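Here the structure is laid out as structure tokens; the discussion comes afterwards.
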Amino acid sequence: MDGVVHAGVFAHSGGIFKANELPYTGGDTSPLKQFMTELAHYLKTRRSSLSMTLDSPGPDRAQLREMLTIASRVPDHGKLAPWRFELWTRDARKMMHGKLAELLMSMELPAGAPTEKSKMQQGSDKILHAPCVVAVISRAADHPKIPKWEQVLSAGAVCQNLLMAANAHGFEAQWLTAWYIYEDRARPILGLSDGEQIAGIIHIGSCNTPKSERPRPDLDSIFKIREA
């Protein structure tokens, strides 16, 4: 059988494989095996870059659309697409940052937390740095057959896919949240409709800063075999 293997878009040692372009000819599966070996290595070693290390260039609009298309290919029980994307431009982020700062100044925090507002402000400041910031917004809602929890999980899968799609296009990315996505008074600033919740703020850009490994869970502590 001559043709191609549909493998989405992914980086490999020779560049980037795009959808419908992964080579597969006749019975020779060596290109596919090499690709899958490199994919497994990537998945085993992937690490996010910190948002404050992300600089220009970021993806152009065509690249971003392709990345979002990849991000949307996730498990989605009922084909509900219970999530949406928003690109926060620099102008939008500046506006949001200013309004969030005003909101934060007006908030009364519990006594004994004098540095809390400073930390919260640092969380707000992060939306200004990366060249590209995309909000993944969950639209999980009551459904006669599909539990809300499954819809929320689907939005989380979108966030992870977007991180990998950014890497596949030669960019670095980080999935963040911040205090304001859980603050009801910030919802008008974020432009959220009733029932919507930000699942992740994905920061995307270029980075030359080396990534250090962090501790990972011991597999035996999180895995068991149930035989009966």
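Within the range 170-195, being part of a loop (DSSP other than H, G, I, E, B) and closer than 20 Å to Thr89 by Cα holds for Phe171, Thr177, Ala178, Gly191, Leu192, Ser193. Condition (residue is over 22 Å from Lys119 (Cα atoms), under 10 Å from the mean Cα position of the chain (by Cα) and of a type in the set (A, V, I, L, M)) applied to the range 185-196: is it met by at least one residue? Looking through the range 185-196, none of the residues is over 22 Å from Lys119 (Cα atoms), under 10 Å from the mean Cα position of the chain (by Cα) and of a type in the set (A, V, I, L, M). You will find that of Gly98, Gly123, the residue that is under 17 Å from His203 (Cα atoms) and outside any loop (DSSP other than H, G, I, E, B) is Gly123 and no other.
Looking across the range 80-118, the residues that are under 27 Å from Ala155 (Cα atoms) and either at pLDDT below 95 or among the small types (Gly, Ala, Ser) (or both) come down to Ala81, Ala92.
Summed over the range 161-192, the residues that are free of Cβ contacts under 8 Å to residues at least 40 places away in the same chain and of a type outside the set (Val, Ile, Thr) give a count of 4. On inspection, Ile198 qualifies as in contact (Cβ under 8 Å) with a residue 12 or more places away in the chain, closer than 30 Å to Ser56 by Cβ and touching a Ser or Thr at 6+ places or on another chain (Cβ under 8 Å). Ile201 - would you say it is β-branched (Val, Ile, Thr), surrounded by 20 or more Cβ atoms within 10 Å (Cβ to Cβ) and either over 19 Å from the mean Cα position of the chain (by Cα) or modelled with pLDDT of 95 or more (or both)? For Ile201, the condition - β-branched (Val, Ile, Thr), surrounded by 20 or more Cβ atoms within 10 Å (Cβ to Cβ) and either over 19 Å from the mean Cα position of the chain (by Cα) or modelled with pLDDT of 95 or more (or both) - is met. In the range 166-174 there is at least one residue that is charged (D, E, K, R) and either surrounded by 18 or more Cβ atoms within 10 Å (Cβ to Cβ) or touching a Cys at 6+ places or on another chain (Cβ under 8 Å) (or both). Per the conditions (1) of a type in the set (Gly, Ala, Ser); (2) more than 29 Å from His41 (Cβ to Cβ); (3) touching a Phe, Trp or Tyr at 6+ places or on another chain (Cβ under 8 Å), the sole criterion not satisfied by Ala71 is (2). Residues in the range 43-75 that are under 25 Å from Thr209 (Cβ atoms) and among the hydroxyl-bearing types (Ser, Thr, Tyr) were compared, and the one that is surrounded by the most Cβ atoms within 10 Å (Cβ to Cβ) is Ser49.
crowded, with 20+ Cβ neighbours inside 10 Å and out of contact with any Gly (no Cβ under 9 Å at 6 or more places or on another chain): does that describe Ser118? Against the criterion (crowded, with 20+ Cβ neighbours inside 10 Å and out of contact with any Gly (no Cβ under 9 Å at 6 or more places or on another chain)), Ser118 does not qualify. Considering Ala130, Ala199, Ala140, the condition of being outside any helix (DSSP H, G or I) and under 20 Å from Gly98 (Cβ atoms) is satisfied by Ala130 alone.
The values are calculated or read from the model by the stated rules, or taken from the named source; none is laboratory data. Bear in mind the structure is a predicted one, so any value in this text is a computation, not a measurement. Quick reminder, even Gly has a Cβ in these numbers, built from the backbone with ideal geometry, and neighbours come from all protein chains shown.
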